[in-house]
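Below is one structure, written out as structure tokens; comments come after it.
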Amino acid sequence: MKRMYCREIRESYVQEAEVAGWIHDIRNLGGIAFILLRDRTGILQLTLLKKPNKELFKHLTTLTRESVIRTKGKVQRSEKVMNGFEILPESAEVLSVAAVPLPLGVADKVESELDTRLDNRFLDLRKKEVRKIFYLRSLLLKSVRRTLENEEFIETHTPKIVAAATEGGTELFPFRYFEREAYLNQSPQLYKQILMSTGFDRVYEIGPAFRAEGHDTVRHLNEFTSIDIEMAFSNHHDVMDLLERVIVEGYETVRKEAPELMEGMNIPENVEAFPRITYTEALDIAKKKGLRIEWGEDLSMEALRLIAGESPDLYFITDWPDAIKPFYAMPGEDDRTCRSFDLMYREKEVTSGAQRVHDYELLKKRIADRGLDIEDFGFYLNAFKYGMPPHAGWGLGAERWVMTVAGLENIREAVLFPRDMHRLVP
RNA sequence: GCCCCGGUAGUGUAGUGGCCUAUCAUCCUGGCCUGUCGAGCCAGGGACUCGAGUUCAAAUCUCGGCCGGGGCGCCA
């Protein structure tokens, strides 16, 4: 007999079935007992009577919660059960006995702290609402791939072991690579740009990025998943348009393909384009609200909160001061801004991107101007010497996006096994 | 990197010098119960982060270690 899922039992009118899963809860009333069996599709009730089979009754009702069993029996339709169906087990096999006490309650009525949950993530993930975050994440990524593939992007994989810093600034994790020192890559930036000189024209990569920053906040991780794209023969507005399509399509996908995930999620309706305000305009909003801030300064959390108060949930801040953005951002018409943008969700930065510098001499100059060593960037600069088209791109933080959609307070909840300053296991 | 805060049963908490033999819920163990669905009832079990100090007396005050949380900066 083929094992069926709990949900299938409800949906198909079979007379007899075999199910398997974890014991969610046991309610023993003496002569009758109810065992709630959980699998990835939901919970199904097993109903046991003591009279006909005393031994099976005792065997199953004395098991510990979260033990794994497989059982076979008659399917009974009953209005007394929440889901309308129950199974009357005729035989059962205990596949794995769970030890007691559990370090974290799965069916308990008390919430655990995030740290306890992460320490026991395998148990934490047995909870439906926790797994829901990862079904959402998976679906959003699937949607991103589909949107990009439809627009003729190809999926690429660039090295995570690298020789030098991508952009300066953020700190890298060094390690020993044979006889030399190497680093974990902080971003596919330089490699995806190199690919623009090849004629692929449109590339994307969904992969890990590593940053050794000693920050300790609810929106930072030392290992995160970056959704990166780079597109040749395009400018910053072209890739902002693309980003809008990617995000909106993500929402549509959830709405259409997984309505069961919608509850409690922040999925805006009827959104097509996100407003694009310039850094200068954003700064004016903050100033008008009484914040003392000078043109050229980065927008502080306080400033961003003020700006978010005057904006819809999703909006772009464009044309940033050149001095506070990386060397590869294309300077604007004036000589103080650059063609870079951030996509904001309220006060949170979700994506940053730009049109890039594609002129070899200008790029060289900009690297040097930022005090970086030209020698370190030789492998990158080479690709600009022999025919490099104009191009633009962005990096969307997968966890940041999931966080905004699922309404998570802490980015760690958007990762199965998060890495932060204090956490290296599990 | 800077600044604030916390650590009490498996989980989550109450307790601000003596009323603590430490509260409550959940949990675990045993018992009763043939329709539970946050099952109920009865009995039992289980904890003050570590070290030093102050004091007649420390979960409670002081110092240090360890572990953790939050904010800012920076970023995705």
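The values are calculated or read from the model by the stated rules, or taken from the named source; none is laboratory data. Since this is a predicted model, take the numbers as computed values, not measurements. Neighbour counts run over all protein chains shown; Cβ positions are idealised from the backbone, glycine included. Please note that ligands, DNA and RNA were not included when accessible areas were found on the heavy atoms of the full protein model with its side chains. Shrake-Rupley method; radii C 1.70, N 1.55, O 1.52, S 1.80 Å.
Which count do you get for residues in the range A:382-397 that are surrounded by 15 or more Cβ atoms within 10 Å (Cβ to Cβ) and either of a type in the set (S, T, N, Q) or out of contact with any helix residue (DSSP H, G or I) (no Cβ under 8 Å at 6 or more places or on another chain) (or both)?
The qualifying residues number 2.
Taking the conditions exactly as written (within 22 Å of A:Val130 (Cα to Cα) and more than 6 Å from RNA strand B (Cβ to nearest atom)), does A:Asp39 satisfy them or not?
Yes: the conditions hold for A:Asp39.
Restricting to the range A:405-420, name every residue that is more than 8 Å from RNA strand B (Cβ to nearest atom) and not acidic (Asp, Glu).
A:Val405, A:Ala406, A:Gly407, A:Leu408, A:Ala414, A:Val415, A:Leu416, A:Phe417, A:Pro418, A:Arg419
Kindly indicate whether any position in the range A:160-172 is touching a Leu at 6+ places or on another chain (Cβ under 6 Å) and not assigned by TED's automatic domain parsing to the domain that holds A:Glu375.
No, the conditions are met nowhere in the range A:160-172.
Which residues, counting only those in the range A:203-214, are near RNA strand B (Cβ under 6 Å from one of its atoms) and touching a residue at least 60 places away in the same chain (Cβ under 8 Å)?
Residue satisfying the conditions is A:Gly214 alone.
If I ask for residues that are closer than 23 Å to A:Ser96 by Cα and in a loop (DSSP other than H, G, I, E, B), which ones from the range A:5-22 would you list?
Passing the criteria: only A:Tyr5.
I'd like to check which strands (runs of 3 or more DSSP E) are fully inside the range A:40-148 and have at least 3 residues that are open to solvent by 40 Å² or more (accessible area, probe 1.4 Å).
So the answer is A:68-77, A:85-96.
Return the pair list, or none, for Cβ contacts closer than 6 Å from residues in the range A:45-63 that are assigned by TED's automatic domain parsing to the domain that holds A:Asp25 to residues that are open to solvent by 100 Å² or more (accessible area, probe 1.4 Å) and away from RNA strand B (no atom under 11 Å from the Cβ), at least 6 apart or on different chains.
Filtered contacts from the range A:45-63: no entries.
Mind checking whether some residue in the range A:163-180 is open to solvent by 80 Å² or more (accessible area, probe 1.4 Å) and β-branched (Val, Ile, Thr)?
no
The conditions are (1) within 13 Å of RNA strand B (Cβ to nearest atom); (2) at pLDDT below 95, and A:Arg180 fails exactly one of them. Which is it?
Checking A:Arg180 against (1) within 13 Å of RNA strand B (Cβ to nearest atom); (2) at pLDDT below 95, the one that fails is (1).
Test A:Ile206 against the stated conditions and say whether it is modelled with pLDDT of 95 or more, more than 28 Å from A:Ala406 (Cα to Cα) and open to solvent by less than 50 Å² (accessible area, probe 1.4 Å).
So A:Ile206 does not fit the description; no.
Please determine, by comparing only the residues of the range A:398-414 that are open to solvent by 10 Å² or more (accessible area, probe 1.4 Å) and more than 15 Å from A:Thr217 (Cα to Cα), which one is modelled with the lowest pLDDT.
Taking the candidates together, the pick is A:Gly407.
What helices (runs of 4 or more DSSP H) completely inside the range A:299-381 contain at least 2 residues that are away from RNA strand B (no atom under 12 Å from the Cβ), open to solvent by 20 Å² or more (accessible area, probe 1.4 Å) and hydrophobic (A, V, I, L, M, F, W, C)?
A:360-369
If you check A:Glu223, A:Glu152, which single one turns out to be closer than 21 Å to A:Arg356 by Cβ, out of contact with any Gly (no Cβ under 9 Å at 6 or more places or on another chain) and open to solvent by 20 Å² or more (accessible area, probe 1.4 Å)?
Of the residues listed, the single one that is closer than 21 Å to A:Arg356 by Cβ, out of contact with any Gly (no Cβ under 9 Å at 6 or more places or on another chain) and open to solvent by 20 Å² or more (accessible area, probe 1.4 Å) is A:Glu152.
Looking at A:Val239, is it in the same structural domain as A:Leu396 (by TED's automatic domain parsing), crowded, with 22+ Cβ neighbours inside 10 Å, more than 19 Å from the chain's Cα centre (by Cα) and aliphatic (A, V, I, L, M)?
yes
Please work out if A:Glu230 is more than 21 Å from A:Ile317 (Cα to Cα) and within 21 Å of the chain's Cα centre (by Cα).
Taking the combined requirement at face value, the residue does not satisfy it.
Determine whether the range A:258-276 contains at least one residue that is open to solvent by 60 Å² or more (accessible area, probe 1.4 Å), in a loop (DSSP other than H, G, I, E, B) and within 11 Å of RNA strand B (Cβ to nearest atom).
No: the range A:258-276 contains no residue that is open to solvent by 60 Å² or more (accessible area, probe 1.4 Å), in a loop (DSSP other than H, G, I, E, B) and within 11 Å of RNA strand B (Cβ to nearest atom).
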